[in-house]
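Engineer: The structure that follows is given in the form of structure tokens.
The values are calculated or read from the model by the stated rules, or taken from the named source; none is laboratory data. A quick note: this is a predicted structure, and the numbers were derived from the prediction, not measured. Don't worry about glycine lacking a Cβ; one is built from the backbone with ideal geometry, like all the others, and counts go over all protein chains shown. To get the accessible areas, we keep the full protein, side chains included, count just its heavy atoms, and leave off ligands, DNA and RNA. Shrake-Rupley method; radii C 1.70, N 1.55, O 1.52, S 1.80 Å.
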Amino acid sequence: MTTRSITEMRNEHQVLAELTYEPGSLERGYANLALRIDLDKNVIETRQVTEQMKELWVGGKGFCLWFMFQEINPNTRWDSPENPICLSSGPLGGTASFPGSGKTLVTSVSPLTYSIIDSNVGGYFGPYLKFAGFDALCIVGKAKDEVVVYIDPVNSRITIETAPMESIDSHLLAEELTEMYADDEMDKRNIAVVSAGRAANHVRMGILNFSFYDWRRQVPRMKQAGRGGIGTVFRNKKLKALIIKNRDYIPAWRIADSPVAQAIQPKAEDILETDKAEVRQIISRWNDDPEYVIEMMQDIQDRERFISRASIDHLNKITGVPKAQLYHIATFYKAFSLEPRGETTIQVCVGTACHVRGSGRILEAFERELDIEQGATTKDGKFSLEAVACLGCCSLAPVVKIGDEVFGNVQAKDVTKIIHGKRG
Ligand code: FES
């Protein structure tokens, strides 16, 4: 964090344009409204999403392309003011019940290929945009000074603001803006920031960083839309950041409400005594609020090294979240285990880059050395072994993660040494 105070930075903001609006509800996955922001003219306007758009341009990429074709002409280059940056999450965006439904699609004319490029990315921006009442966002024009765009469905307000003092580097900027726009510590998870960082001012391969607040580390972390140099287009528009606030939103359909989930409520005698006090303490730390059930489960997983049946029962009884949903979460996310894990988890990446560089042999070497198969835990409870998809550092392939430590360029012959080092 920089030495400038957040209040000082905020005081320097000048509102260049403002739109007040009433965020509507979603209908079959659509908000039926899109948002267009012109940084040249400082105009914020909404566009109706038609039935024809939903038929012909379905999905996040479809809506982005629909906007692209409204804005560009045969002479549009990547640095033309009319080159739009479009963001959308599609009709399943934010449902959190299907893989990929948390993603955002981004499109623009690329500075690398000179044609339309799309990139998809995690982080919270896409779902929050949908909850804010918009199926897509399109940004055109170039600002005169450094600006941020703030979408605030809680206060029904969207603004373009000058932002002269904030950092350019994404990791600092996301921290500053999260602090600036959150009401309090708990509210930080409701802020998502998109930015491009300093390098995007100088290279054509600039990426976009999408933040999500990691409450465990108490910092915003980033996911990247890395294809095609859209970050370079972003900075070329003098756009410092897009910021969005989450609005409490109840989706039309939730696993929690299904008849199956409702039918399997626990009886009081089902609750086991094991670790009752510790689990109770963890749940209380989150004010027994069902909104934070994943966070509670992460704390329980950290403490117990698995999510026991007793813990599921406690969570269900205290928060009211149905057991079916709790099991859905526990089995969907790799971070959770219904069986006790070892003191240290060894993850061998078998993603594409690691696979082609021999991760299969490394996994076999770990299985031999530990005398277990992947997915199992050693008898002494020291190590669990997992084969996982991309760990996000492909340039170091093949990659192994042991606890929090990442090992790159690992070879099968290194495995014995690594394990001995870890056994101490
Ligand atoms: S494929 Fe292994 S780190 Fe990406």
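Engineer: Can you say whether ARG221 is basic (Lys, Arg), in a loop (DSSP other than H, G, I, E, B), at pLDDT 90 or above and within 20 Å of the chain's Cα centre (by Cα), as far as the supplied structure shows? Spell out how you get there, then give the answer.
Structural biologist: On the way: basic (Lys, Arg): yes; in a loop (DSSP other than H, G, I, E, B): no; at pLDDT 90 or above: yes; within 20 Å of the chain's Cα centre (by Cα): yes.
Answer is no for this residue.
Engineer: Okay, moving on. Filter segment 341-396 down to the residues that are part of a loop (DSSP other than H, G, I, E, B) and of a type in the set (Gly, Ala, Ser) and list them by number. Full working, then the answer.
Structural biologist: Initially, segment 341-396 is screened for residues part of a loop (DSSP other than H, G, I, E, B), giving 341-343, 350-351, 357-358, 371-376, 378-382, 389-393.
Answer for segment 341-396, where residues must be part of a loop (DSSP other than H, G, I, E, B) and of a type in the set (Gly, Ala, Ser): GLY342, GLY351, GLY358, GLY375, ALA376, GLY381, ALA389, GLY392.
Engineer: Okay, moving on. Among ARG47, ARG36, which is the only one that is part of a strand (DSSP E or B), more than 22 Å from LYS240 (Cβ to Cβ) and assigned by TED's automatic domain parsing to the domain that holds THR107? Break it down into steps so the answer makes sense when it comes.
Structural biologist: Details: ARG36 fails: more than 22 Å from LYS240 (Cβ to Cβ).
One residue alone meets the criteria, ARG47.
Engineer: Would it be correct to say that ILE402 is within 16 Å of the ligand (Cβ to nearest atom) and touching a helix residue (DSSP H, G or I) at 6+ places or on another chain (Cβ under 7 Å)? Talk me through it step by step, then tell me what you get.
Structural biologist: On the way: within 16 Å of the ligand (Cβ to nearest atom): yes; touching a helix residue (DSSP H, G or I) at 6+ places or on another chain (Cβ under 7 Å): yes.
Against the criterion (within 16 Å of the ligand (Cβ to nearest atom) and touching a helix residue (DSSP H, G or I) at 6+ places or on another chain (Cβ under 7 Å)), ILE402 qualifies.
Engineer: To continue, here is another question. Name the residues in segment 356-381 that are touching a Leu at 6+ places or on another chain (Cβ under 9 Å) and within 16 Å of the ligand (Cβ to nearest atom), would you? I'd like the intermediate steps shown before the answer.
Structural biologist: Here is the first cut: in segment 356-381, the ones touching a Leu at 6+ places or on another chain (Cβ under 9 Å) are 363, 366-367, 370, 372-378.
Answer for segment 356-381, where residues must be touching a Leu at 6+ places or on another chain (Cβ under 9 Å) and within 16 Å of the ligand (Cβ to nearest atom): LEU363, PHE366, GLN374.
Engineer: Let me ask you something else. Given the criterion among the β-branched types (Val, Ile, Thr) and either in contact with a strand residue (DSSP E or B) (Cβ under 7 Å, 6 or more places away or on another chain) or closer than 24 Å to GLY100 by Cα (or both), identify the matching residue among ILE312, ILE346. Walk me through how you get there before you give the answer.
Structural biologist: Details: ILE312 fails: either in contact with a strand residue (DSSP E or B) (Cβ under 7 Å, 6 or more places away or on another chain) or closer than 24 Å to GLY100 by Cα (or both).
Unique residue meeting the criteria: ILE346.
Residues are listed down the side, and each one gets a yes or a no for (1) surrounded by fewer than 13 Cβ atoms within 10 Å (Cβ to Cβ); (2) in contact with a helix residue (DSSP H, G or I) (Cβ under 8 Å, 6 or more places away or on another chain); (3) within 22 Å of ASP152 (Cβ to Cβ):
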position: SER25; (1), (2), (3): yes, no, yes
position: GLN48; (1), (2), (3): yes, no, yes
position: MET53; (1), (2), (3): no, yes, no
position: LEU56; (1), (2), (3): yes, yes, no
position: GLU71; (1), (2), (3): no, no, no
position: SER80; (1), (2), (3): no, no, no
position: GLY94; (1), (2), (3): no, yes, yes
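Engineer: Among the numbered conditions (1) open to solvent by 40 Å² or more (accessible area, probe 1.4 Å); (2) modelled with pLDDT under 90; (3) more than 16 Å from the ligand (Cβ to nearest atom), tell me where ILE419 comes up short.
Structural biologist: Failing condition for ILE419: (1).
Engineer: Can you confirm whether LYS379 is without any contact (Cβ under 8 Å) to a residue 24 or more places away in the chain and not assigned by TED's automatic domain parsing to the domain that holds ASP299?
Structural biologist: Details: without any contact (Cβ under 8 Å) to a residue 24 or more places away in the chain: yes; not assigned by TED's automatic domain parsing to the domain that holds ASP299: yes.
Criteria met by LYS379.
Engineer: If we scan segment 382-398, do we find a residue that is more than 15 Å from the ligand (Cβ to nearest atom), under 30 Å from ARG309 (Cα atoms) and surrounded by fewer than 19 Cβ atoms within 10 Å (Cβ to Cβ)?
Structural biologist: The first filter runs over segment 382-398 and keeps only residues more than 15 Å from the ligand (Cβ to nearest atom), leaving 382-385.
With under 30 Å from ARG309 (Cα atoms) added as a condition, the list becomes 382-385.
When the remaining residues are screened for being surrounded by fewer than 19 Cβ atoms within 10 Å (Cβ to Cβ), the result is 382.
Yes.
Engineer: Could I ask something else about it? If the requirement is being open to solvent by 20 Å² or more (accessible area, probe 1.4 Å) and away from the ligand (no atom under 16 Å from the Cβ), which of these qualifies: ILE329, ILE307, ILE294?
Structural biologist: Numbers: ILE329 fails: open to solvent by 20 Å² or more (accessible area, probe 1.4 Å); ILE307 fails: open to solvent by 20 Å² or more (accessible area, probe 1.4 Å).
Matching residue, one of ILE329, ILE307, ILE294: ILE294.
Engineer: Collect the residues in segment 334-364 that are under 16 Å from ALA389 (Cβ atoms) and open to solvent by 90 Å² or more (accessible area, probe 1.4 Å), keeping them in residue-number order.
Structural biologist: Matches in segment 334-364: LYS334, THR352, HIS355, VAL356, ARG357.
Engineer: If I ask for residues that are β-branched (Val, Ile, Thr) and either part of a loop (DSSP other than H, G, I, E, B) or closer than 10 Å to ALA136 by Cβ (or both), which ones from segment 80-103 would you list?
Structural biologist: The initial filter retains those residues of segment 80-103 that are β-branched (Val, Ile, Thr), namely 85, 95.
Scanning segment 80-103 gives a single hit, THR95.
Engineer: Related question: I'm trying to understand the selection: among the residues of segment 153-181, which are outside any loop (DSSP other than H, G, I, E, B) and within 24 Å of LYS61 (Cα to Cα)?
Structural biologist: Step one: list which residues in segment 153-181 are outside any loop (DSSP other than H, G, I, E, B), which gives 157-162, 170-181.
Scanning segment 153-181 gives a single hit, ILE158.
Engineer: If you check every pair at least six apart or on different chains, which have Cβ atoms under 6 Å apart with a residue in segment 279-301 that is more than 15 Å from PRO322 (Cα to Cα) first and a residue that is among the polar types (S, T, N, Q) and in a helix (DSSP H, G or I) second?
Structural biologist: Close Cβ pairs satisfying both conditions: VAL279/SER311; ILE300/SER311.
Engineer: If you go through segment 66-99, how many residues are more than 22 Å from ILE151 (Cβ to Cβ) and not charged (D, E, K, R)?
Structural biologist: Looking only at that region, the number is 11.
Engineer: Tell me whether segment 296-303 contains one or more residues that are modelled with pLDDT under 90 and out of contact with any Ser or Thr (no Cβ under 7 Å at 6 or more places or on another chain). Show your work before the answer.
Structural biologist: Looking only at segment 296-303, we keep the residues that are modelled with pLDDT under 90, and these are 302-303.
Retained after the next criterion (residues that are out of contact with any Ser or Thr (no Cβ under 7 Å at 6 or more places or on another chain)): 302-303.
Scanning segment 296-303, I find at least one residue that is modelled with pLDDT under 90 and out of contact with any Ser or Thr (no Cβ under 7 Å at 6 or more places or on another chain), so the answer is yes.
Engineer: Working only within segment 179-230, note down all residues that are closer than 17 Å to TYR128 by Cβ, open to solvent by less than 10 Å² (accessible area, probe 1.4 Å) and either touching a Lys or Arg at 6+ places or on another chain (Cβ under 6 Å) or hydrophobic (A, V, I, L, M, F, W, C) (or both).
Structural biologist: ILE191, ALA192, VAL193, VAL194, LEU208, PHE210, ALA225
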